[in-house]
Amino acid sequence: MHIAIIMDGNGRWAARRGFPRTAGHRQGAEAVNAVVEAAARKGVDILSLYAFSAANWNRPPDEVGALFTLLRRYLLNQTQRCLEQSIRINVIGRRDRLDSKLRQVIQHSECTTAHCTGMLLRIAVDYSSQYSLIEAARSIQLQGNAALDNFTAHLAAVDHSTAPAPSVDLLIRTGGEKRLSDFLLFECAYAELYFTECYWPDFDAHAFDAALQEFARRDRRFGQVASPALAGASHG
Ligand code: FPP
């Protein structure tokens, strides 16, 4: 099962307490630890977290700097912990605009955990689905039409993704907004969407469980008719 999360509401969590926005992001990084552990415990195969979108470059420079510091710290401090839980780390998104030190830390985390066979933790950094799709199309154009047969491989290459664009089963967005914000648009084609008012720093193992329980109640039809148990009860 592939779960993707748009971790929203850090700023509002902080504002509500009279803290600077960066305090919300710090607390958000703590929530990441809790949810990664909960997901691994639940046997989730892939967890994709939206840590920094391409649009986030437009935030004030000190907030952007704080987010990258948190990411670097997360990778430096949690790689060992991931290794112990056999979690493989993969940072997806553009690398060319990242600081070279962060690029090195990313490479170190990915190499250190490359052999892990447990959950795949994908952290999206400088990520934009629209950019990825356009770049994948560009690379196919350069290689000729035959390359189109393997579109997901091209998309994976653009994204630095170790797995070829895995389909998302459940997309969770915290913070009350109901939009996809350019996250995994191709991969979310048949994803179940789960929106919660909970701000990301408050999202814990219990909140994660609630999302899984709601997912278990959904009837995933992939364009087909309802499952026999629900046939007759459903018009959708
Ligand atoms: C959106 O909240 C959140 C982000 C832009 C950053 C998410 C980053 C983290 C959770 C911490 C670092 C990540 C890792 C993987 C260690 P917002 O600031 O837009 O909140 P708002 O909508 O309330 O302003």
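The values are calculated or read from the model by the stated rules, or taken from the named source; none is laboratory data. None of the values given here were measured: they were computed from a predicted structure. FYI the Cβ positions are ideal-geometry reconstructions off the backbone, even for glycines, and counts take in every protein chain you see. Accessible surface areas use protein heavy atoms only, side chains included; no ligands, DNA or RNA. Shrake-Rupley method; radii C 1.70, N 1.55, O 1.52, S 1.80 Å.
Of 214, 197, 187, all but one fail to be modelled with pLDDT of 95 or more, open to solvent by 40 Å² or more (accessible area, probe 1.4 Å), not in a helix (DSSP H, G or I) and not hydrophobic (A, V, I, L, M, F, W, C); the exception is 197. Would you say residue 63 is away from the ligand (no atom under 12 Å from the Cβ), open to solvent by less than 70 Å² (accessible area, probe 1.4 Å) and either among the acidic types (Asp, Glu) or free of Cβ contacts under 8 Å to residues at least 12 places away in the same chain (or both)? Taking the combined requirement at face value, the residue does not satisfy it. Among the residues of the range 1-25, those that are over 17 Å from the mean Cα position of the chain (by Cα), open to solvent by 50 Å² or more (accessible area, probe 1.4 Å) and more than 8 Å from the ligand (Cβ to nearest atom) comprise 16, 17, 18, 19, 20.
Of all the numbered requirements in (1) surrounded by 22 or more Cβ atoms within 10 Å (Cβ to Cβ); (2) within 14 Å of the ligand (Cβ to nearest atom), residue 88 misses one, and that requirement is (2).
Among residues of the range 1-26 that are on the phi > 0 side of the Ramachandran plot, those with a Cβ under 8 angstrom from a residue that is of a type in the set (Phe, Trp, Tyr) and not in a helix (DSSP H, G or I), sequence gap 6+ or separate chain, pair up as 9/199.
The set of residues in the range 158-203 that are within 30 Å of residue 139 (Cβ to Cβ) and aliphatic (A, V, I, L, M) comprises 158, 163, 165, 168, 170, 171, 180, 184, 185, 189, 191, 193.
Answer yes if at least one residue in the range 122-136 is more than 20 Å from residue 52 (Cβ to Cβ), part of a helix (DSSP H, G or I) and open to solvent by 40 Å² or more (accessible area, probe 1.4 Å), and no otherwise.
We begin by selecting, within the range 122-136, every residue more than 20 Å from residue 52 (Cβ to Cβ); these are 136.
Imposing the further condition that a residue be part of a helix (DSSP H, G or I) reduces the set to 136.
Remaining after also requiring open to solvent by 40 Å² or more (accessible area, probe 1.4 Å): none.
Within the range 122-136, not a single residue is more than 20 Å from residue 52 (Cβ to Cβ), part of a helix (DSSP H, G or I) and open to solvent by 40 Å² or more (accessible area, probe 1.4 Å).
Take the conditions in contact with a strand residue (DSSP E or B) (Cβ under 9 Å, 6 or more places away or on another chain) and open to solvent by 80 Å² or more (accessible area, probe 1.4 Å) and apply them to residue 96. Does it pass? Yes, satisfied.
Residue count for the range 109-140, restricted to those that are within 15 Å of the chain's Cα centre (by Cα) and among the charged types (D, E, K, R): 2. For residue 74, state whether it is within 9 Å of the ligand (Cβ to nearest atom), out of contact with any Phe, Trp or Tyr (no Cβ under 9 Å at 6 or more places or on another chain) and either open to solvent by 20 Å² or more (accessible area, probe 1.4 Å) or among the small types (Gly, Ala, Ser) (or both). The answer is yes for residue 74. Can you pull out the residues in the range 52-68 that are of a type in the set (D, E, K, R) and assigned to a helix (DSSP H, G or I)? Listed by number, the residues that qualify are 62, 63.
The number of residues in the range 31-51 that are part of a helix (DSSP H, G or I) and more than 9 Å from the ligand (Cβ to nearest atom) comes to 7.
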